[in-house]
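The values are calculated or read from the model by the stated rules, or taken from the named source; none is laboratory data. Because the structure is predicted, anything quoted here is derived from the model rather than measured. Here the Cβ positions follow ideal geometry from the backbone for every residue, glycine too, while neighbour counts run over all protein chains shown. Keep in mind that these areas ignore ligands, DNA and RNA; they rest on the heavy atoms of the full protein, side chains included. Shrake-Rupley method; radii C 1.70, N 1.55, O 1.52, S 1.80 Å.
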Amino acid sequence: MPYCRTEFKLVKPEQVKNVLSTFTRECFVGGRAAYQLDDGSYSIDAGENDIRAIYDQENTVVKFFCRYQRDMNFYDKKLMAFATKHGIDTKPCIISSEY
């Protein structure tokens, strides 16, 4: 899964689930809450499995990765719109490898 170009920066560990759950409710039909999977990533797209989030605690950023490269622009726009609406700082993702 390729990483999206958008990261949410300076997110405190205790805020991660709330931020991601808000994103889930606002951006996905039927979305109620984000939940953490066994591998540490978060399911955030109401079961579609096209985008996931992972929290990088060392750098206090939330990174996002897509199932398909072709969907990256679509999700980057959603992420940026959500971040702007909620005053979340963003930065471009510098990781180009897959999760």
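Assorted remarks:
- Calculated accessible area for the chain comes out at 58 Å² per residue, all protein chains present (probe 1.4 Å; ligands, DNA, RNA ignored).
- Computed about the Cα centre, the dipole magnitude for the chain is approximately 340 debye when only Lys and Arg (+1) and Asp and Glu (-1) carry charge, each at its Cβ.
- Estimated from helices alone, the mean residue ellipticity of the chain at 222 nm is -8500 deg cm²/dmol (sum of -39500 (n - 2.57) over DSSP H runs with n ≥ 4, per residue).
- Share of carbon and sulfur in the accessible heavy-atom surface of the chain [1.4 Å probe, %]: 47
- Computed label-point distance, nm, for sites Leu10 and Arg32 using a 7 Å Cα→Cβ extension: 3.4
- Summing charges over all other residues whose Cβ lies under 9 Å from the Cβ of Glu7, with Lys and Arg as +1 and Asp and Glu as -1, gives +3.
- Residues with amide H under 5 Å from that of Thr90, placed H, sequence gap 5 or more: Lys9
- Here the mean projected area of the convex hull built on the C-alpha positions of the chain is 5.7 nm².
- The modelled label-to-label distance for the pair Asn18/Ala81, using points 7 Å beyond Cα in the direction of Cβ, is 2.5 nm.
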